[in-house]
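J.: Just dropping this structure here.
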Amino acid sequence: GAGYIGTNVIYYLLKHNYKIVVADNFSNAKCDGLNRLKKYFNCEFKIYDIDLCDKSKLNQIFVENKISDVLHLAAKKYIPESFIFKDEYLKNNCESTKNLLECMSQNNVHNIYFASSITVYGEPKVLPLKEDSPICPLSPYAQSKVFCEEYVASWQKENSENNAIIFRFTNPVGAR
């Protein structure tokens, strides 16, 4: 929630009167943007400093709050670094997603919006890309996103009430 995409989405959600809860481990973002949003909208919302790989603490967020939808943006995301710390990227990105889905199931939360990446396609042979274009991840980061997409798809199939949307972002930039 504290990163670039998160703070921009939160801006939109607050502008449209949504109630939000934010979870971030602040490993590559600061709380400054969230605090600016609180001040700008003159509102309060809970911010949890948590690693989603800590399933017990993650589940506590669901227990303490009435959550209907989850926007999952959390991941290690630097492609060159993912080659150096391959195991760490796979563990962090995949375990956090599995934990989140399990906590959602345990707490009857049925809607997830998952941030994947266009990198799952690798070097496409045909443009423009389509949802059913061949997947060919070329980095550990991209492979972790493929695994997470598979977890989300499997979670969606296990309960007819579960709904999932997967976004394959490219380079999101701009001023809102």
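The values are calculated or read from the model by the stated rules, or taken from the named source; none is laboratory data. The structure presented is a predicted model; accordingly, all values stated were derived computationally and were not measured. Counting neighbours? That spans all protein chains shown, and the Cβs are built from the backbone with ideal geometry, glycine included. What goes into the accessible areas is simple: the full protein's heavy atoms, side chains included, and nothing from ligands, DNA or RNA. Shrake-Rupley method; radii C 1.70, N 1.55, O 1.52, S 1.80 Å.
J.: Suppose the filter is closer than 30 Å to Thr119 by Cα and not in a helix (DSSP H, G or I); does Cys53 pass it?
T.: Yes, satisfied.
J.: Within 27 Å of Ser160 (Cα to Cα), hydrophobic (A, V, I, L, M, F, W, C) and surrounded by fewer than 21 Cβ atoms within 10 Å (Cβ to Cβ): is that true of Ile79 in this structure?
T.: no
J.: List the strands (runs of 3 or more DSSP E) that sit entirely inside region 69-176 and contain at least 3 residues that are among the hydrophobic types (A, V, I, L, M, F, W, C).
T.: Of the strands (runs of 3 or more DSSP E) lying wholly inside region 69-176, those with at least 3 residues that are among the hydrophobic types (A, V, I, L, M, F, W, C) span 111-117, 163-169.
J.: Residues that are within 20 Å of Asp24 (Cα to Cα), of a type in the set (Asp, Glu) and either open to solvent by less than 50 Å² (accessible area, probe 1.4 Å) or free of Cβ contacts under 8 Å to residues at least 24 places away in the same chain (or both): does region 129-148 have at least one?
T.: No, because not a single residue in region 129-148 is within 20 Å of Asp24 (Cα to Cα), of a type in the set (Asp, Glu) and either open to solvent by less than 50 Å² (accessible area, probe 1.4 Å) or free of Cβ contacts under 8 Å to residues at least 24 places away in the same chain (or both).
J.: What is the residue count in region 1-46 for residues that are small (Gly, Ala, Ser) and in contact with a Cys (Cβ under 9 Å, 6 or more places away or on another chain)?
T.: 1
J.: So for region 68-75 (the condition being over 12 Å from the mean Cα position of the chain (by Cα) and over 23 Å from Asn163 (Cβ atoms)), does at least one residue qualify?
T.: Within region 68-75 (the criterion being over 12 Å from the mean Cα position of the chain (by Cα) and over 23 Å from Asn163 (Cβ atoms)), the answer is no, since none of the residues qualifies.
J.: May I ask you to say which residue of Lys57, Lys98 is open to solvent by 30 Å² or more (accessible area, probe 1.4 Å) and under 17 Å from Lys46 (Cβ atoms)?
T.: Lys57
J.: What are the residues in region 1-50 that are open to solvent by 50 Å² or more (accessible area, probe 1.4 Å), in contact with a strand residue (DSSP E or B) (Cβ under 9 Å, 6 or more places away or on another chain) and acidic (Asp, Glu), if any?
T.: Asp49
J.: Sticking with this one: Would you point out which residue out of Ser116, Ser105 is of a type in the set (Ser, Thr, Tyr), at pLDDT 95 or above and open to solvent by less than 30 Å² (accessible area, probe 1.4 Å)?
T.: Selected residue: Ser116, the only one of Ser116, Ser105 that is of a type in the set (Ser, Thr, Tyr), at pLDDT 95 or above and open to solvent by less than 30 Å² (accessible area, probe 1.4 Å).
J.: For region 136-161, which positions are more than 23 Å from Glu88 (Cβ to Cβ) and in contact with a Leu (Cβ under 9 Å, 6 or more places away or on another chain)?
T.: Ser154, Trp155
J.: Still on this model: Quick check on this structure: which one of Lys86, Lys66 is of a type in the set (Lys, Arg), without any contact (Cβ under 8 Å) to a residue 12 or more places away in the chain and open to solvent by 40 Å² or more (accessible area, probe 1.4 Å)?
T.: Answer to the check: Lys66.
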